[in-house]
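To start, the structure itself, in structure tokens.
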């Protein structure tokens, strides 16, 4: 509970920070400090120290899993602030408001990971979505950004409608919004429930860009300012994923037969579409947008498996994927050319930065000794444990191999080609953060048990 | 086996029959009325009749004209706060039952949207003149 | 015996340290320091490996668990090393030959800028680290990490001179072909986890554990592992990357693409020997693929004119022999051939490097000739290498190849006959190479002639050492029919393979037959060498090939076949999905003008609500489809 209220309050504080401070540096420091406080508060919450005592029975339930995941989310956002907060200045004038919106989005994520009531799920998803529409369109003078925001909003509104319809149908079938109290085992043959469940599935798939509901993703990720693409492609996506997993694990486990096959089919479709299309991109940014679709396909494996390993795997995936992608975007937003050719010869101009990009790409491609490898390993393992979907595992491995192609294109451009410098410079502090992310990725890849040790202390 | 009876009760398509009938009736009513007026009414087209009805005044210009964004902003902000105020009605009805804890909750709620109000005033969203 | 485990982790750790120091310090360290560090760490590893070798002579197996690596439910994969006789042999090959090649590289690469020099040694050390990880891992996961690591280093080193575009392409080709193999490896790994719940060698390779697998599963898993091996070890159908990989610096070809990495597949199958022994169908496939690769590559090598390409195809061919041995169940022969091949092929590659160095980068042997006068040491060592690979009695290649052929004979006389034919081809093309390069008259430019010189000591000393090893290396495996109990290697490896040999069907071959076979092959090989020598010293094979020779020169058009059958359709599918489905159908479905506008006028982009409509249309179609299937088609 600490984090939910505190991040909401911090959002309000950041709203007024624009009036309090004339310059931008204090705003940034305030935001980073706020995020650090949030991190501490959430860790304390995990340890059983609660700042607020609010009775949320029937609406929210903060399990150890949700709290630990929130810690990951906050830590990743903190890293994101450290590396990208300066680049946010380039977006527009409303610097403090951007931070405020991000704090609000975090509130939404905390709600979505801990809800036990469909209404809270809906509110959480909306709290996440609406600030995202604004952030997407925050580069007011950039028509691409405007277009992306409008598209995102229109399609988001559509999916919200589908979600509400789904919730309504489920209420009609079960008579309750509380996902722990639905007596679903008694409703195996209810078409009303099935339809509602499918509609929830569609709208959640839309939010995490699962094919065929992914169409908005490339356009929006490409149009939005780099820094915010980084945020919404990573932290927001995994946040909603955990909610997705929580929803189907808690509410619809009894009718798993009805939807598991769809999860598997959609995961395969997503991997196919995301990977094959990513291969043919010329811009690294757009390639990452498609690759984020294919990574979502891998995360969907957790919903096919629905076991303990899947839960752990999703956490690991969240860490691996967020860290690497935030790092890459942190670098991209300092580039003047986002195409593959823009990376030509980066190893010569900026050896350290190039090395970091290489590590991020290796992790995203799932090369051993990186966090990305373990994440993929856990996902595949989870599906194997669940049984019955061996074809999906084989397909997943195949697609992981395909993905190596486009991730390596970046490495190839940096190390095997020559070109002018398109890198606009980086401060020593940001370099340290980049190296820190790399160390975290390799560390997680080497000793994942330490991470899980924290989880079940 | 006992449960089965309740389940079937909950979710038989039969229980939606009245709703279906009503839909059918509503749609049928519209179709009938439109069709009947179309068939019965005399059709004499003159230039005056084809004009938009503007309470007898002659219409002029396009209906779609650009309007200053301020109108929309003010209107949307009004709707926003108006909707928030709606929450007071259920609170007012349950004022006594909710007691002090309810009062604090509403106070928090008011504080939040007061923050929003102060914010838009400070941002100048309601300032009419530039 | 605990102290073995306290020390073994230094064997891979030292090269890793070397890699880090050279990688970070490549701008500040002098070339001398870089070369010293790079070679020194490998020498230290070699000394440790030697010590380990003596520790495991008695038949001990050491397993060290350092920390838990992956714990998922009841699956526990520790980060652990296993040291036994098999890994000890590979340790010696990797660090021993690796050290010689590092020393050689110091001189060979001396013209590079210090930064690139440091980069080279960092990659090379990283490669040695990964390769050591591969052979020391106590479970399939650690092995896989090394497996991927060597692939990555191979990629980096093939593309080392990245300014030439085709070199980068060769690097890509190698990496992607390897990934195809890795894929099969991974799937086999997952099947093992699924069926047995463990990846640790000592737990899988017991009769009790393997009894849990049905015959079909065993065949599937072993076949998948073999497909993995064909990628790394360049067997049909995944061999075409290896000749292209010659784009890398010559010492890299010697270390990675001749002596060590390409034998990883052999190591893997030798490691899983019991499992393969229990899957006779897979063994047959391996034997057939092995002999087919051996012959195919040998025929191609007959008509190649690039000195390194000949050696590359020769490597593919020799690897085919190793797989023939594995498929015949002659595991010791395979390991033996890995060892002798490492000696003489590294020697030949380094020798060719010395030649290329003297010729100022020229690799076409039609422009060489008569080099024996200018490069005495290189000439003699190269000749010894050729004699060894041809299998002249007394040289190392004779013993190992003879053992393979004897194993093949035991399995089927047809395999033996084909194998013998391949051996004759080998002798023929190797002496074509030798005579064309070193004998006759010099055919290069005057400038090149002026430049001809013997290479410095850092190059010739490794050549001499390897030449000595190529000559005497075979005596660790003197066959049983010559002297009873003289096969030291067989005795040394006995603990590793004894269970598998108990499972495999016995085909005893009479000693007298073996004498006959060895005699026959020796006579034929010597005859072939004489014929080749006579033919090419009279008239070098210079003119353009015609007829069948042209097909051979163009490598049976296999590359073109792959390009046409696999790469092109994939590209077409990809561009179809990208251009037609994604752009035409989705973007252009409702508003075909959208594309024009997108590129033409950005001002109008925000008006493109038509696209959003089409997106939503696609979403709705998806939903409706799922609804229809869910409610009407599923029961």
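Tabulated values for the structure
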quantity	calculated
Failed criterion for residue C:288 (all others in (1) part of a helix (DSSP H, G or I); (2) touching a residue at least 40 places away in the same chain (Cβ under 8 Å) hold)	(2)
Any hit, region C:250-257, residues being in contact (Cβ under 8 Å) with a residue 24 or more places away in the chain, within 24 Å of the chain's Cα centre (by Cα) and within 14 Å of chain A (Cβ to nearest Cβ)	no
Unique match (being touching a helix residue (DSSP H, G or I) at 6+ places or on another chain (Cβ under 9 Å), outside the structural domain of residue A:312 (by TED's automatic domain parsing) and crowded, with 19+ Cβ neighbours inside 10 Å) among A:39, A:6, A:44, A:30	A:6
Members of region A:424-439 that are under 17 Å from residue A:372 (Cβ atoms) and in contact with a helix residue (DSSP H, G or I) (Cβ under 6 Å, 6 or more places away or on another chain)	A:434, A:437, A:438
Condition met for residue B:81 (modelled with pLDDT under 90 and under 21 Å from residue A:13 (Cα atoms))	yes
Boolean, residue A:306 is under 19 Å from residue A:441 (Cα atoms), in contact with a helix residue (DSSP H, G or I) (Cβ under 9 Å, 6 or more places away or on another chain) and away from every other protein chain (no Cβ under 11 Å)	no
Single residue of A:369, A:346 found to be within 10 Å of chain C (Cβ to nearest Cβ) and either in contact with a strand residue (DSSP E or B) (Cβ under 6 Å, 6 or more places away or on another chain) or closer than 17 Å to residue A:435 by Cα (or both)	A:369
Hits in region A:335-344 - residues which are crowded, with 21+ Cβ neighbours inside 10 Å and either within 23 Å of the chain's Cα centre (by Cα) or not in a helix (DSSP H, G or I) (or both)	A:344
Residue match in region C:454-474 (condition: under 28 Å from residue C:87 (Cβ atoms), surrounded by fewer than 20 Cβ atoms within 10 Å (Cβ to Cβ) and modelled with pLDDT under 80)	no
Test for residue C:136: is it buried (at least 21 other Cβ atoms within 10 Å of the Cβ), closer than 30 Å to residue C:63 by Cβ and either more than 10 Å from chain A (Cβ to nearest Cβ) or at pLDDT 85 or above (or both)	yes
Per-region count, region C:154-169, residues within 12 Å of another protein chain (Cβ to nearest Cβ), in a helix (DSSP H, G or I) and crowded, with 21+ Cβ neighbours inside 10 Å	5
Filter result (touching a strand residue (DSSP E or B) at 6+ places or on another chain (Cβ under 8 Å) and either away from chain C (no Cβ under 14 Å) or modelled with pLDDT of 90 or more (or both)) within region A:411-453	A:422, A:423, A:424
Criterion: surrounded by 24 or more Cβ atoms within 10 Å (Cβ to Cβ), away from every other protein chain (no Cβ under 14 Å), over 23 Å from residue C:183 (Cα atoms) and more than 17 Å from the chain's Cα centre (by Cα) - qualifying residue of C:97, C:42	C:42
Positions within region A:164-196 being more than 10 Å from every other protein chain (Cβ to nearest Cβ), within 21 Å of residue A:61 (Cβ to Cβ) and buried (at least 22 other Cβ atoms within 10 Å of the Cβ), in sequence order	A:170, A:179, A:182
Output for region A:378-395, where each listed residue is in contact (Cβ under 8 Å) with a residue 60 or more places away in the chain, crowded, with 22+ Cβ neighbours inside 10 Å and facing chain C (nearest Cβ under 10 Å)	A:378, A:380, A:381, A:382, A:383
Hits in region A:139-163 - residues which are crowded, with 19+ Cβ neighbours inside 10 Å, more than 23 Å from residue A:197 (Cα to Cα) and touching a residue at least 40 places away in the same chain (Cβ under 8 Å)	A:139, A:145, A:147, A:148, A:149, A:151, A:152
Enumeration of residues in region C:183-227 that are within 14 Å of chain A (Cβ to nearest Cβ), closer than 26 Å to residue C:64 by Cα and in a helix (DSSP H, G or I)	C:185, C:186, C:188, C:189, C:190, C:191, C:192, C:193, C:194, C:195, C:196
Region A:267-284, residues that are more than 9 Å from chain C (Cβ to nearest Cβ), surrounded by 20 or more Cβ atoms within 10 Å (Cβ to Cβ) and either farther than 22 Å from residue A:357 by Cα or in contact with a strand residue (DSSP E or B) (Cβ under 9 Å, 6 or more places away or on another chain) (or both)	A:267, A:268, A:270, A:271, A:284
Residues of region A:112-152 satisfying the condition of being more than 30 Å from residue A:178 (Cα to Cα) and more than 14 Å from chain C (Cβ to nearest Cβ)	A:134, A:135, A:138
Within region C:194-212, tally of residues that are in contact with a strand residue (DSSP E or B) (Cβ under 9 Å, 6 or more places away or on another chain), surrounded by fewer than 21 Cβ atoms within 10 Å (Cβ to Cβ) and closer than 17 Å to residue C:70 by Cα	3
Search result, residues across region C:486-516 that are under 19 Å from residue C:401 (Cα atoms) and surrounded by fewer than 20 Cβ atoms within 10 Å (Cβ to Cβ)	C:486, C:488, C:491, C:507, C:508, C:509, C:510, C:511, C:512, C:513, C:515, C:516
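Residue-by-condition table, conditions (1) over 13 Å from the mean Cα position of the chain (by Cα); (2) more than 26 Å from residue A:163 (Cβ to Cβ); (3) away from chain C (no Cβ under 14 Å):
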{"site": "A:225", "(1), (2), (3)": "yes, yes, yes"}
{"site": "A:232", "(1), (2), (3)": "no, no, yes"}
{"site": "A:238", "(1), (2), (3)": "no, no, yes"}
{"site": "A:253", "(1), (2), (3)": "yes, no, yes"}
{"site": "A:314", "(1), (2), (3)": "no, no, no"}
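The values are calculated or read from the model by the stated rules, or taken from the named source; none is laboratory data. Because the structure is predicted, anything quoted here is derived from the model rather than measured. No Cβ is skipped: glycine too gets one built from the backbone with ideal geometry, and neighbour counts run over all protein chains shown.
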